[in-house]
Amino acid sequence: MTATFTTTDEYIASFAPDIQQKLQSIRSLIKEIVPEATEKISYAMPAFALHGNLVFYAAFKNHIGFYPSGSGIKEFEHELTGLKWSKGAIQFPLDKPIPYDLISRIVQFRVAENLEKAAAKKKTAKKKES
């Protein structure tokens with residue numbers, strides 16, 4: 001049976017202390033970069049949203065999964081050497097240091113991307129009103 005979480009705090013509290021620390025560090029970093037983002041649980045994992053989904057993250061047996069969308073992966077693909085990754089996910093092994101600098105840059109990229117999309121949408125909506 002899979003646990004259902006309604007808050008990020010509940011999600012993080014369900015893990016061992018060492019994993020909690022890594023999850024809290026990722027959470028704090030994202031909050032610092034984009035304090036106006038909304039935290040939520042989506043797809044049974046913690047997520048941040050700002051004009052749409054920004055990033056998701058989750059703990060697994062041997063890694064922390066980080067999900068910055070396909071564009072977030074593609075933009076930083078050249079920096080993912082040595083990590084397992086796919087078109088929408090990066091795995092950070094639990095037995096290695098978490099690359100907080102990389103996470104920070106990916107989050108900043110995703111924020112800029114979402115703000116740009118929101119501005120374009122707003123511009124299109126104004127044109128339709130005219």
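Just so you know, all these numbers are worked out from the coordinates, no wet-lab data involved. As the structure is a prediction and not an experimental result, all values here were calculated from the model. All Cβ positions, even for glycine, are placed from backbone atoms using ideal geometry, and neighbour counts span all protein chains on display.
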To the nearest 10 degrees, how steeply does helix 17-33 sit against the main Cα axis of the chain, on a 0 to 90 scale?
20
Viscosity 0.890 mPa s, temperature 25 °C: Stokes-Einstein D of the stretch 41-80 from its Kirkwood Cα radius, in µm² per second?
222
Kirkwood Rh, Cα atoms: Rg over Rh of the stretch 8-122
0.95
Determine, for each peptide in 78-89, 59-70, the mean count of other beta carbons within 10 angstrom over its residues, then list the peptides with the highest first.
59-70, 78-89
How tilted is helix 100-129 with respect to the longest principal axis of the chain? Cα atoms for both, answer in degrees (0 to 90, nearest 10).
30
With an 8 Å Cα cut-off and a minimum separation of 6 or more residues, compute the relative contact order for the stretch 8-122 in percent.
23
If the limit is 18 Å between Cα atoms, which of K61/K87; K61/K96; K61/K84 go over it?
K61/K87
